[in-house]
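Accompanying notes for the structure given below.
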Amino acid sequence: MNRRRFLAASAVSVAGLSGCLGMGGGSDSDSNPQSEEGYDTTEQYGQNVPLAPLSDVYDWYQQDKGRFVDTRGQTQYDTSHIKGAVLSPAPDGLKENDPVASWAKDERIICYCGCPHHLSSMRAGKLMENGYENVYVIDEGYWEWHEKGYPITGQNTEASPQKYVIDGIADPAFVGDNAWARHLPTGQNEATGILDDGTYSLHVKFHDVTPDSVLTIQTPGYEVEGTIGELSSHVVSG
């Protein structure tokens, strides 16, 4: 893997609250089969993960018909999360004492993240691979739940961080693999899939970062380090 520091000087690319779509591409759910409920699905680890609409998920929540899993990191979870949710970060959960490990395999489990559903789909795919039978993700993601004023808790429930967009390109041979953005000082991570043409688009919404904060971008072929301002001003490549 190539490693280097990325240097650039240009305007920061800032986006609104759209979903995590790649450069010139979108969700891969269109090419995957629908779930039994008629939901779109996205494939992770060989599993077709159902993308449940927020309206259905909120009904389950109100009726106490599901258990919720925050698949982000400790910093995001501590700042705010769905009330009653446990932390089990993507893709493999906590290294020790992951709360989901003690749950019954037939319980309804709803995973969520903020991008709106890449990390949560990764965690859900792993759970399905490990024999959990009733796993979903929130299609619209955590921030739609937050915006609607649904129940949340945490240290700062009003916080809604700015989103930055980092576009990149990797070797098309890595299609289907993941590109990662990591803020190492706080342990915050975001991921997205690499598309058929090698492009990817990371929509980064981290707490307590600025355009001067340093991120690490990782793909299977390279690792790049730079400030958010640097990385979001050009197409990142190895």
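The values are calculated or read from the model by the stated rules, or taken from the named source; none is laboratory data. The structure presented is a predicted model; accordingly, all values stated were derived computationally and were not measured. For neighbour counting, all protein chains shown are included, and Cβ atoms are generated from backbone atoms with ideal geometry for every residue, glycine included.
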Subject >> Odd one out for LYS126, checked against (1) among the basic types (Lys, Arg); (2) in contact with a Lys or Arg (Cβ under 8 Å, 6 or more places away or on another chain); (3) closer than 30 Å to ASP106 by Cβ >> reply: (2)
**OP:** Exactly one condition in (1) of a type outside the set (Gly, Ala, Ser); (2) in contact with a Ser or Thr (Cβ under 8 Å, 6 or more places away or on another chain); (3) modelled with pLDDT under 95 is not met by HIS118; state its number.
**Re:** (3)
Original post:
Which of the residues spanning the stretch 178-187 are buried (at least 22 other Cβ atoms within 10 Å of the Cβ) and either farther than 18 Å from TYR45 by Cα or under 10 Å from the mean Cα position of the chain (by Cα) (or both)?
Top reply: ALA181
**OP:** From the list GLU144, GLU129, GLU190, GLU140, pick out the single residue that is touching a residue at least 60 places away in the same chain (Cβ under 8 Å), within 24 Å of LEU51 (Cβ to Cβ) and surrounded by fewer than 16 Cβ atoms within 10 Å (Cβ to Cβ).
**Re:** GLU129
Original post:
Any idea which residue in the stretch 153-177 is surrounded by the most Cβ atoms within 10 Å (Cβ to Cβ), counting only those that are touching a strand residue (DSSP E or B) at 6+ places or on another chain (Cβ under 6 Å) and of a type in the set (A, V, I, L, M)?
Top reply: ILE166
Subject >> Single match in GLU140, GLU129, GLU147, GLU133 (criterion: at pLDDT 95 or above, assigned by TED's automatic domain parsing to the domain that holds LYS83 and touching a helix residue (DSSP H, G or I) at 6+ places or on another chain (Cβ under 6 Å)) >> reply: GLU140
**OP:** Would you check if there is a residue in the stretch 193-213 being of a type in the set (A, V, I, L, M), surrounded by fewer than 19 Cβ atoms within 10 Å (Cβ to Cβ), over 17 Å from PRO91 (Cα atoms) and touching a residue at least 24 places away in the same chain (Cβ under 8 Å)?
**Re:** no
Original post:
Among the strands (runs of 3 or more DSSP E) contained in the stretch 153-225, which hold 1 or more residues that are touching an Asp or Glu at 6+ places or on another chain (Cβ under 6 Å) and within 29 Å of LYS83 (Cβ to Cβ)?
Top reply: 178-183, 199-204
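Every residue, every condition in (1) touching a His at 6+ places or on another chain (Cβ under 9 Å); (2) farther than 15 Å from TYR136 by Cα; (3) at pLDDT 95 or above; (4) not hydrophobic (A, V, I, L, M, F, W, C), yes or no:
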{"position": "ASN2", "(1), (2), (3), (4)": "no, yes, no, yes"}
{"position": "LEU7", "(1), (2), (3), (4)": "no, yes, no, no"}
{"position": "CYS20", "(1), (2), (3), (4)": "yes, yes, no, no"}
{"position": "GLY25", "(1), (2), (3), (4)": "no, yes, no, yes"}
{"position": "LEU54", "(1), (2), (3), (4)": "no, no, yes, no"}
{"position": "THR79", "(1), (2), (3), (4)": "yes, yes, yes, yes"}
{"position": "PRO91", "(1), (2), (3), (4)": "no, no, yes, yes"}
{"position": "LEU94", "(1), (2), (3), (4)": "no, yes, yes, no"}
